[in-house]
Amino acid sequence: MLKIGGIDVYYGDVQALWNVSLQVNKGEIVTLVGANGAGKTTTVKTISGLLKAARGSIEFEGERIDDKPAHEMASRGIAHVPEGRRLFPLMTVKENLEMGAMISEAKKHRGETLEQVYKILPRLKEREVQMAETLSGGEQQMLAIGRGIMARPRLLLLDEPSLGLAPILVQQIFDTIRHIHEEGVTLLLIEQNVRRALSIADRAYVLENGRIVLNGTGQELLESDHVKRAYLGL
Ligand code: ATP
């Protein structure tokens, strides 16, 4: 479904990604894990067209997308839930969700998708008329994910959904991710929470200093000596 082939990405003269290649097959949860500053956000922003690769290619469903503008991604079936949530603080929960369904295909099914989001995330239904800024951190993260689902994506890019959340909420976020996947959405999950991300993923890539250093099934990487030493404190 998604194929990244050897991308190099720069911020001005500073290179952030070196020859990064990765693949997401339809129906998979793939995770890209790594420490702070490894280049995870840079990778996801390049997929969604917010940054341009200096070299390499990105294909989605067999078509090159690396030369396409970011605003086309939603209509192609890619939704990006950015790190830091980016909600509309003075709009209600429901209004924020509706903003996720702006493309025409999603708009047509808005009521139906909203019910689906409320089924997966019942807390949002309870908070429907509340301003987004009054939600707790975990609820805001749920809302950001819910807004991503409203676009009815075939591929959902989640950038560090568990960042800054208390352990109980982290658990809820991972349960939600599993649930979304069961509904038929393919997921690329960017995470610093290496243990949980590898546990949920079909396949995984480890990014260090802008380079992919390991890949395999989630289980293989959980058992890798390097991963255990560098990320799991074992
Ligand atoms: P984090 O988990 O901290 O967000 P990350 O793995 O997502 O980390 P990136 O945000 O992709 O990492 O950053 C990768 C590298 O690119 C870092 O060295 C960072 O300092 C650099 N970088 C990121 N954004 C910019 C920018 N706007 N200008 C210059 N350098 C940047």
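Within region 63-76, the presence of a residue that is touching a residue at least 60 places away in the same chain (Cβ under 8 Å), within 16 Å of the ligand (Cβ to nearest atom) and under 17 Å from the mean Cα position of the chain (by Cα) is excluded. Within region 178-192, the set of residues being within 12 Å of the ligand (Cβ to nearest atom) and open to solvent by less than 50 Å² (accessible area, probe 1.4 Å) comprises 190, 191.
Pairing each residue of region 77-92 that is at positive phi with any residue that is open to solvent by less than 20 Å² (accessible area, probe 1.4 Å) and in a strand (DSSP E or B), provided the two are 6+ apart or on different chains, yields C-beta distances under 9 Å for 77/60; 77/155; 84/159.
Considering region 105-115, the residues that are out of contact with any Asp or Glu (no Cβ under 7 Å at 6 or more places or on another chain) and touching a residue at least 12 places away in the same chain (Cβ under 8 Å) include one that is farthest from the ligand (Cβ to nearest atom), namely 109.
Pairing each residue of region 1-27 that is basic (Lys, Arg) with any residue that is modelled with pLDDT of 95 or more and in a loop (DSSP other than H, G, I, E, B), provided the two are 6+ apart or on different chains, yields C-beta distances under 6 Å for 26/1.
If you check 206, 213 for being β-branched (Val, Ile, Thr), farther than 21 Å from residue 140 by Cα and either open to solvent by 30 Å² or more (accessible area, probe 1.4 Å) or assigned to a helix (DSSP H, G or I) (or both), only one passes: 213. Report yes if some residue within region 33-46 is more than 15 Å from the ligand (Cβ to nearest atom) and loosely packed, with under 14 Cβ neighbours inside 10 Å; otherwise report no. No.
When you check residue 148 against the structure, is it in contact (Cβ under 8 Å) with a residue 24 or more places away in the chain, surrounded by 14 or more Cβ atoms within 10 Å (Cβ to Cβ) and under 24 Å from residue 191 (Cβ atoms), yes or no? When the stated conditions are applied, residue 148 passes them. Being loosely packed, with under 15 Cβ neighbours inside 10 Å, part of a loop (DSSP other than H, G, I, E, B), of a type outside the set (S, T, N, Q) and within 16 Å of the ligand (Cβ to nearest atom) is not true of residue 49. Of the residues that sit in region 1-32 and are among the small types (Gly, Ala, Ser) and open to solvent by less than 50 Å² (accessible area, probe 1.4 Å), which one is farthest from the ligand (Cβ to nearest atom)? Result: 27.
The values are calculated or read from the model by the stated rules, or taken from the named source; none is laboratory data. None of these values were measured; they are calculated from a predicted model. Here Cβ is always computed from backbone atoms with ideal geometry, including for glycine, and neighbour counts include all displayed protein chains. All accessible areas refer to the heavy atoms of the entire protein, side chains included, with ligands and DNA or RNA removed. Shrake-Rupley method; radii C 1.70, N 1.55, O 1.52, S 1.80 Å.
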